[in-house]
Amino acid sequence: MEEKSLLEVKDLTVKFFTDDGVVTAVDRVSFDIKRGETLGMVGESGCGKSVTSLAIMRLLPSPPARITSGKILFEGEDLLQKSEAEMRRIRGNRISMIFQEPMTSLNPVFTVGRQISEAIMLHQKLSGKEAVERAVEMLRLVGIPNPEKRYHEYPHQMSGGMRQRVMIAMALSCNPKLLIADEPTTALDVTIQAQILDLMNRLKDRVGMSVLLITHDLGVVAETARRVVVMYAGQVVEEASCEDLFENPLHPYTAGLLKSIPRLEGEKGRLNVIEGSVPNPLNLPPGCRFNPRCPEAADICRKKSPALLEMGNGRRVRCFSRGSPPEEV
Amino acid sequence: MNQQKNIIEVQGLVKWYPVKAGVFQKVAGYIKAVDGVSFSIKRGETLGLVGESGCGKTTSARCMLRLIEPTKGRIIFNGRDIMRLNREQLRKIRPRMQVIFQDPYSSLNPRLTVKEIIGEVLAFHGIARGKELEKRVKHLLEMVGLAPHHMRRFPHEFSGGQRQRIGIARALATNPDLVVCDEPVSALDVSIQSQILNLLEDLQARLGVSYLFIAHGLNVVKHISHRVGVMYLGKIIEVTESDEIYRNPLHPYTQALISAIPIPEPKVRRRKILLEEDVPSPLNPPEGCRFWTRCRHAVNICRREEPELVECAPGHKVACHLYGR
Ligand SMILES: Nc1ncnc2c1ncn2[C@@H]1O[C@H](COP(=O)(O)OP(=O)(O)OP(=O)(O)O)[C@@H](O)[C@H]1O
Ligand SMILES: Nc1ncnc2c1ncn2[C@@H]1O[C@H](COP(=O)(O)OP(=O)(O)O)[C@@H](O)[C@H]1O
Ligand code: SF4
Ligand code: SF4
Ligand SMILES: [Mg+2]
Ligand SMILES: [Mg+2]
């Protein structure tokens with residue numbers, strides 16, 4: 001039974017043309033998101049997660065950014081072929097996004113309620129009064145106590161957790177098909193993070209939307225995603241169902257990452273480490289991008305790049321020692 | 001036995017910040033950032049402090065070092081009450097207590113080379129100069145896993161993890177007895193966090209230094225600490241051995257905090273204790289137990305009487321009426 005994909009990203013490449021040189025922030029990245037599912041995207045900072053999500057929203061700063069290859073099919077239509085006017089009708093309506101720091105995406109001079117009701121009026125044929133009612137209802141839905149009163153507050157009058165709720169209320173106010181959440185809880189405390197993740201999960205089921213959840217926290221992925229894409233230095237290095245990934249990680253990077261997290265259970269003692277650090281995107285190592293840090297690196301890894309190998313069952317991995325062929329150049 | 005002696009004892013630490021209002025800037029109230037905190041740290045021991053943003057972790061640590069003046073409290077460092085020291089005496093004791101900050105980007109002066117950054121500390125405290133200073137800097141860099149030639153580089157030439165190593169080398173330059181680590185790995189990637197945590201542990205084993213280790217993430221704190229204190233709204237509400245805090249958390253807030261941590265095991269589904277609402281304002285904390293507005297077990301007495309931090313099992317202290325004598 002093949003489920004229909006809501007979003008298909010195919011062979012996406014994004015380059016930044018900077019004074020220091022060309023940075024390939026996203027390098028031939030492909031993945032898809034099914035209807036109603038949550039796809040997790042994990043990787044260390046700078047690996048291209050945010051650039052991927054901004055590319056989908058067509059919000060990349062250009063210049064310096066340029067999409068040099070690929071398609072982004074949303075309900076079968078290529079977003080990269082849309083005009084800016086068409087994109088404006090899609091953004092905040094059929095696709096919406098929440099960011100790590102809600103303050104950057106909320107306007108400090110308007111009340112939160114007004115920002116939500118204006119977003120609603122922009123996309124839906126509702127009267128002003130109906131939009132206000134809907135905004136209050138959304139604030140209530142995301143668990144903001146006393147929503148009629150809170151409607152009239154400004155973003156700075158709210159705590160970080162409350163602001164993130166407002167962002168979610170705004171993002172969901174037009175019943176989007178796809179929600180892109182880029183590190184939505186990274187700036188929040190754990191108890192507030194638990195509230196927000198719980199809220200996102202419940203609302204997702206209720207409105208039947210798909211979610212692209214971007215995070216560097218493997219715990220958050222494990223608790224919310226159904227499938228996971230692991231990125232490293234601009235490339236997809238592994239994809240698996242959540243259970244497979246955590247039970248049996250195939251890529252040495254994923255395996256190393258999982259072992260380096262301090263566990264709540266388990267003994268004290270030295271943590272496993274991945275030596276070194278993420279390569280400079282202007283100066284990538286030859287061959288497999290992970291080879292300078294990889295405990296399994298062999299000669300071929302320093303000479304050729306492994307291709308992403310399809311293993312069936314939605315599993316993909318990019319590693320010679322797991323059977324990837326060399327990439328053709 | 002010297003080994004067992006406390007390097008520091010903090011008793012009844014209070015820090016209130018006045019809030020001014022009106023045309024005449026009259027004091028309208030106080031932010032009770034830290035409101036009666038006591039703890040001690042033994043030689044060679046790591047005490048972890050966890051709690052949510054704004055609960056007073058950094059303020060407690062900075063007061064303890066007298067980087068900010070406490071409103072009230074006693075701080076006994078190495079047997080001396082440092083609240084009674086004047087500036088000059090304090091200056092002499094400073095090299096024995098150091099800090100590592102969260103942000104490896106802003107905590108290093110971008111215009112100085114690594115040698116100058118570390119050398120500055122050595123020179124300021126009159127520890128070394130000239131050739132000897134250079135030798136020390138090289139030694140410190142090697143100790144934290146960097147190379148001697150890194151000495152001539154500037155902070156921007158290093159990755160986040162490497163900058164944090166420089167921060168650690170600087171903190172250790174004076175051979176301190178106590179280092180406050182204020183969220184030293186929070187800004188780092190997962191794969192780099194474990195490198196830094198291992199380094200801090202190795203250095204402790206080698207130098208016998210004590211740490212006060214502050215972080216949001218209970219898994220990180222539990223891993224590195226011998227004992228853990230949990231803070232809520234300016235108070236320590238529970239403190240015990242780090243294994244015990246995870247296996248047998250007693251305070252309802254600690255229980256919620258632990259249950260909220262996402263676990264990287266999709267097959268394990270733990271029941272979460274979801275707390276309602278936010279932490280109340282430290283300007284106007286709830287009467288009685290400060291947690292009662294969010295506590296599932298709150299009863300009448302909780303709203304009236306503040307529970308004291310009492311030992312309910314050997315080495316396990318908790319401030320909650322559920323565990324009354
Ligand atoms: N200089 C100051 N003036 C007024 N209030 C302050 C000042 N410094 C801190 N506070 C307040 O004191 C309380 C405790 O702050 P503190 O920085 O100690 O928290 P923390 O536990 O370290 O939080 P975080 O996890 O966010 O670092 C907060 O409510 C904070 O807003
Ligand atoms: N405006 C920009 N100009 C130049 N390079 C950029 C810009 N935005 C992002 N990059 C580069 O693109 C790469 C991926 O960044 P990003 O997607 O933000 O990473 P993350 O996975 O942490 O979200 C990084 O190497 C980053 O330096
Ligand atoms: S291809 Fe080689 S270097 Fe790359 S991850 Fe696999 S074993 Fe390691
Ligand atoms: S004292 Fe009462 S309100 Fe406070 S934590 Fe205990 S049961 Fe809850
Ligand atoms: Mg990002
Ligand atoms: Mg702090």
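The values are calculated or read from the model by the stated rules, or taken from the named source; none is laboratory data. This is a predicted model, so every value here is computed, not measured. Counting neighbours? That spans all protein chains shown, and the Cβs are built from the backbone with ideal geometry, glycine included. Heads up: the accessible areas ignore ligands, DNA and RNA and are worked out on the full protein's heavy atoms, side chains in. Shrake-Rupley method; radii C 1.70, N 1.55, O 1.52, S 1.80 Å.
Partner chain Cβ atoms within 10 Å, averaged over the residues of B:184-192 - can you pull that number for me? It would help to have the intermediate numbers written out before the result.
Values: counts 0, 1, 0, 1, 3, 11, 13, 15, 8.
Neighbouring Cβ atoms belonging to other protein chains average 6 per residue here.
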Checklist entry - Principal axis lengths of segment A:120-221 from Cα atoms, whole Å, largest first? => result 43, 30, 19
Next on the checklist: Restricting to Cα pairs below 8 Å that are 6+ residues apart, what does the relative contact order work out to for segment A:168-226? Please round to a whole percent.
Outcome noted: 44 percent
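Using square roots of five times the C-alpha gyration tensor eigenvalues, list the equivalent-ellipsoid semi-axes of segment A:1-149 in whole Å, biggest first. Intermediate results must be reported in sequence, preceding the final value.
Details: eigenvalues 199, 74, 50 Å².
Calculated on Cα positions only, the semi-axes equal 32, 19, 16 Å.
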Checklist entry - Please state the relative contact order of chain A as a whole percent: Cα pairs under 8 Å, 6+ residues apart? => result 19 percent
Checklist entry - For segment B:153-296, what is the largest minus smallest coordinate of the Cα atoms on each principal axis, given in angstrom and ordered from greatest to least? => result 53, 39, 30
Item to check | Rg/Rh (Cα only; Kirkwood hydrodynamic radius) as it applies to segment A:54-122 | outcome: 1.01
Checklist entry - Out of every Cα-Cα pair in chain B, what percent are more than 32 Å apart? => result 34 percent
Next on the checklist: Using a 1.4 Å probe on the protein heavy atoms only, what accessible surface does B:LEU322 show? Give it in Å² to the nearest 10.
Outcome noted: 90 Å²
Checklist entry - Residue-wise, which Karplus ³J(HN,Hα) couplings in Hz belong to segment A:275-280, taking 6.51 cos²θ - 1.76 cosθ + 1.60, θ = phi - 60°, and x for glycine or proline? => result 5, x, 9, 4, x, 5
Checklist entry - Per q in 0.13, 0.18, 0.29 1/Å, what log10 I(q)/I(0) does a Debye calculation on the alpha-carbon atoms of segment B:68-137 return? => result -0.55, -0.89, -1.26
Checklist entry - What is the percent of Cα-Cα separations in segment A:170-329 that go past 18 Å? => result 65 percent
Checklist outcome for this item: Counting only DSSP beta bridges with both partners in segment A:170-290, the antiparallel fraction in percent, to the nearest 5, comes to 55 percent
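Restricting to Cα pairs below 8 Å that are 6+ residues apart, what does the relative contact order work out to for chain B? Please round to a whole percent. Mind showing how you got there, number by number?
Numbers: 588 pairs, mean separation 63.8, N = 325.
With pairs under 8 Å counted, the relative contact order is 20 percent.
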Checklist entry - Check B:VAL310: other-chain or 5+ apart residues with amide H under 5 Å from its amide H, H built from backbone geometry? => result B:VAL318, B:ALA319, B:CYS320
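Where does the protein assembly as shown land at 222 nm, in deg cm²/dmol rounded to the nearest 500, when only DSSP H runs of n ≥ 4 count, each adding -39500 (n - 2.57), divided by all residues? Can you show the working numbers first?
On the way: 22 runs with 206 residues, N = 654.
For the protein assembly as shown, the value works out to -9000 deg cm²/dmol.
With all protein chains present, how much of the accessible area of chain A (probe radius 1.4 Å) comes from carbon and sulfur, to the nearest whole percent?
Values: 7210 of 14460 Å².
Carbon with sulfur: 50 percent of the solvent-accessible area.
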Checklist entry - Kirkwood-based Rg over Rh for segment B:67-187 (C-alpha set), two decimals? => result 1.00
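Estimate for me the total accessible surface buried between chains A and B (protein heavy atoms, probe 1.4 Å, no ligands or nucleic acids), in Å² to the nearest 100. Before the final figure, lay out each step's value.
Numbers: alone 16380 and 16900 Å², together 29430 Å².
Its buried surface, counting both partners, is about 3900 Å².
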Next on the checklist: For chain B, set up a GNM with springs between Cα atoms under 10 Å and report which of B:LEU141, B:LEU233, B:LEU112 has the largest fluctuation.
Outcome noted: B:LEU112
Checklist outcome for this item: For segment A:298-304, in residue order, the Karplus 3J(HN,Hα) values (coefficients 6.51, -1.76, 1.60; θ = phi - 60°; whole Hz; Gly and Pro = x) are 10, 3, 4, 4, 8, 10, 10
Item to check | Rounded accessible area of B:LYS26 (nearest 10 Å², 1.4 Å probe) | outcome: 140 Å²
Checklist entry - Semi-axes of segment B:265-321's equivalent ellipsoid from the Cα gyration tensor, sqrt of 5 times each eigenvalue, largest first, rounded to whole Å? => result 25, 19, 11
Next on the checklist: Quick check: with the 1.4 Å probe, what order do A:SER241, B:SER53 take by accessible area, largest first?
Outcome noted: B:SER53, A:SER241
Next on the checklist: Over 26 Å between Cα atoms: which of A:LYS268/B:LYS138; A:LYS34/A:LYS82; A:LYS71/B:LYS267 fall into that group?
Outcome noted: A:LYS268/B:LYS138; A:LYS71/B:LYS267
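Quick one: if you take sqrt(5λ) for each eigenvalue of the C-alpha gyration tensor of the protein assembly as shown, what semi-axes come out, biggest first, whole angstrom? Present the calculation step by step, with values, prior to reporting the outcome.
Values: eigenvalues 348, 234, 110 Å².
The answer is 42, 34, 23 Å, longest axis first.
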Checklist entry - Amide H neighbours of B:TYR30 under 5 Å, counting only residues 5+ apart in sequence or on other chains, H built in-plane at 1.01 Å? => result B:VAL19
Item to check | Sequence of A:THR104, B:THR254 from largest to smallest accessible area, 1.4 Å probe | outcome: A:THR104, B:THR254
Checklist entry - ³J(HN,Hα) across segment A:22-34 via Karplus (A = 6.51, B = -1.76, C = 1.60, θ = phi - 60°), whole Hz, x for Gly/Pro? => result 9, 9, 8, 6, 10, 10, 6, 8, 10, 6, 9, 10, 7
Next on the checklist: What number comes out for accessible area per residue over chain B if the probe is 1.4 Å? Units Å², please.
Outcome noted: 46 Å²
Item to check | With Cα atoms, 0 to 90° folded angle of helix B:130-143 axis to chain B main axis | outcome: 50 degrees
Checklist entry - Going from most exposed to least, what order do B:ASP202, B:ASP177 have by accessible area with a 1.4 Å probe? => result B:ASP202, B:ASP177
Checklist entry - Which value, in Å² rounded to 10, gives the accessible area of A:VAL109 with a 1.4 Å probe and all protein chains present? => result 100 Å²
Checklist outcome for this item: Expressed in angstrom and rounded, the centroid-to-centroid distance over alpha carbons for segment A:190-211 and segment A:122-142 is 20 Å
Checklist outcome for this item: In whole angstrom, the spacing between the Cα centers of segment A:81-118 and segment B:212-239 equals 38 Å
Next on the checklist: At 4 °C and a viscosity of 1.567 mPa s, what translational diffusion coefficient does Stokes-Einstein give for chain A, taking Rh as the Kirkwood radius over Cα pairs? Give it in µm²/s as a whole number.
Outcome noted: 62 µm²/s
Checklist entry - Whose amide H sits under 5 Å from the amide H of B:LYS42, counting only residues 5 or more places off or on another chain, with H placed in the peptide plane? => result B:ILE7
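Count, for each residue of A:249-260, the Cβ atoms from other chains sitting within 10 Å of its Cβ, then give me the mean as a whole number. Could the numbers behind the result be given before it?
Working: counts 0, 0, 0, 0, 1, 0, 0, 3, 5, 3, 2, 9.
What the average comes to for A:249-260 is 2.
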